[in-house]
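Visitor: First the structure, which I've put down as structure tokens, then a few questions once you've had a look.
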Amino acid sequence: MPSAKPPRREYGTGSITWLSPRRARLRVRVPGETGQRTKVVRVAPKDKGGIGEAKAELERFVAELTVGTPTERTTVTVSEMLEAYLAHCKRVGRTQSTIESYGYSTTRVPAALGSLPLTQLTSHHLDTLYGDLAERLGDNTIRQTHAILTAALEQALKWGWIEDNPAKGATAPGRHRPKRKPLALTDIARMVAAASTPRKNETDGDVVLAMAIAMAALTGARRGELCGMKWSDIDPATCSITIERQWVPGKGGQYLAPPKSEDGVRSIVLGQLGLGLIERYRDIMREMLRREPEGWLLSYDAGATPLRAKALGQAIAGLGKGLGLDVTTHSFRRVSATQLVAAGIDVDTAARRMGYTKEVMLASYVLGADDRSIAAAQTIESRLVAQGLPLGNILGGEPETVKT
């Protein structure tokens, strides 16, 4: 009986096939060539660091082949270079959403430019591309395209495919930051009320959407983090909710990923009103399900399926549009951060609560202590109530007066 083929692990442009516990065959596809280059290496046993050594050998093999000779370099086209760069990004561990975003940006390169030999690409070609894109795309999109092309060409320079980076001589549109009108807390209250109100066809209001909006303003969590919240993340003993995952939209649906924040998992301390809101939502879910809620916090099927991040964004935008508001899920995050800073909460504590870097939260200050985290929770709840968002009233709670 013929022996089964050894398993092959793919790593971007290359792959590793284990011939024995200490021998691996490396395969690399080189743009502009048919077939693959192969090499057999001897490494430590697989269970004693051999996998890491094999990956390192693969990286060295790729580096050897991608430098190439002057004759080989002239055969690589712009499209082949971009394809190789995306494979490189996958190999070095860039996230799926990042690779998909880069891939979508590269589709803006027209076929005529993509078929051009890479060594013939000039800054003028790129400026012409940006001019053409400006007729149908915004400045931010063109800047993003320029940034990805610059990074890809910089990698091609490291590989020895080109002698300089033509993107550095090209000019992307300037950055203009339009002044954003902050979302008023009274408008957030209107959105919560609109979501909770029963429909004309006598169907119930959307309690899940109302809760998502309230939690977005209260915690400042990102869209995917809101959808990634579970009932088990809530800890009444420490008055907190843990943000340890997010749902990221991707091809064919969405996938789980760690939080985007610099420190990864973080805990957000809640005050009396925040915990009260969650308990009222729990009571509603318990009555609907006839059991204790579990699973995903924001869900339309008893916690089994999470609310899709993209669907949440669309629902919020649609609800806001119906009320004459230009709003996204990020609008609530901006409100939360603004309220914390305006209340005098030190930037480090506010940054850790929001999952921002200190630089994004304006500056770096002294580390906040646990009591400051509690103060941050109480302060933001007080300010939200005082300026028009009745947290104590949402989902049927009793009105409360909070001293500011």
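Visitor: Tell me, what are the semi-axes, in whole angstrom and largest first, of the equivalent ellipsoid of the range 201-257 as set by the roots of 5 times the Cα gyration tensor eigenvalues?
Guide: Equivalent-ellipsoid dimensions as semi-axes: 21, 20, 10 Å.
Visitor: Suppose the chain between T119 and L256 were pulled fully straight at 0.36 nm per residue; how much longer would it get relative to their current alpha carbon spacing?
Guide: Full extension of this stretch gives 45.3 nm more.
Visitor: Based on the Cβ-Cβ distance of M288 and D235, what FRET efficiency does E = 1/(1 + (r/R0)^6) give at R0 = 25 Å, to the nearest 0.05?
Guide: Computed FRET efficiency for M288 and D235: 0.60.
Visitor: Could you give each residue of the range 303-313 its phi-based ³J(HN,Hα) in whole Hz, using Karplus coefficients 6.51, -1.76, 1.60 with θ = phi - 60°, and x for Gly or Pro?
Guide: In residue order, the calculated couplings are x, 6, 10, x, 5, 6, 4, 5, 5, 4, x Hz.
Visitor: Would you grab the residues whose amide H sits under 5 Å from the one on Q246? Only those 5+ places off in sequence or on another chain, please, with H modelled 1.01 Å from N.
Guide: Residues meeting the amide H criterion: A257.
Visitor: Determine how many Å³ per residue the convex hull of the Cα atoms of the range 228-338 encloses.
Guide: Taking only Cα atoms, the range 228-338 has a hull volume of 141 Å³ per residue.
Visitor: Leaving out ligands, DNA and RNA, what percent of the accessible area of the range 183-286 is carbon and sulfur, probe 1.4 Å?
Guide: Carbon and sulfur together cover 52 percent of it.
Visitor: 7 Å from Cα along Cα→Cβ at both E59 and T328: what's the point-to-point distance in nm?
Guide: Once both label points are built, they end up 3.4 nm from each other.
Visitor: Moving on to the next point. How large a share of the accessible area of the range 46-159, in percent, is made up of carbon and sulfur atoms when the probe is 1.4 Å and the other protein chains stay in place?
Guide: Carbon with sulfur: 54 percent of the solvent-accessible area.
Visitor: Could you give me the ³J(HN,Hα) list for the range 144-156, computed from phi with Karplus coefficients 6.51, -1.76, 1.60 and θ = phi - 60°, whole Hz, x at Gly and Pro?
Guide: For the range 144-156, the Karplus-derived couplings read 5, 4, 4, 5, 5, 5, 4, 5, 5, 5, 5, 5, 4 Hz, x marking Gly and Pro.
Visitor: Accessible area per residue of the range 76-182 at 1.4 Å probe, in Å²?
Guide: With all protein chains present, the range 76-182 gives 56 Å² per residue.
Visitor: Residues of the range 215-280: accessible area per residue at 1.4 Å, in Å²?
Guide: 40
Visitor: Separate question: Grab the other residues whose beta carbon is less than 14 angstrom from that of R286, score K and R as +1, D and E as -1, and report the net.
Guide: -1
Visitor: When the expected Rg is taken as 2.2 N^0.38 Å, what fraction or multiple of it is the alpha-carbon Rg of the range 112-221?
Guide: This ratio for the range 112-221 stands at 1.80.
Visitor: Can you work out the Karplus-derived ³J(HN,Hα) for every residue in the range 332-349? Use 6.51 cos²θ - 1.76 cosθ + 1.60 with θ = phi - 60°, whole Hz, and x for glycine or proline.
Guide: Ordered by residue, 3J(HN,Hα) equals 6, 5, 5, 4, 4, 5, 4, 5, 5, 5, 5, 7, x, 5, 4, 4, 5, 5 Hz.
Visitor: Which distance in Å, rounded to a whole number, links the C-alpha centroids of the range 300-352 and the range 186-258?
Guide: Rounded to whole Å, the Cα centres lie 8 Å apart.
The values are calculated or read from the model by the stated rules, or taken from the named source; none is laboratory data. All values reported here derive from a predicted model rather than from experimental measurement. Backbone-built Cβ (ideal geometry, glycine too); neighbour counts: all protein chains shown. Note: accessible area is taken over every heavy atom of the protein model, side chains too, but ligands, DNA and RNA are not part of it. Shrake-Rupley method; radii C 1.70, N 1.55, O 1.52, S 1.80 Å.
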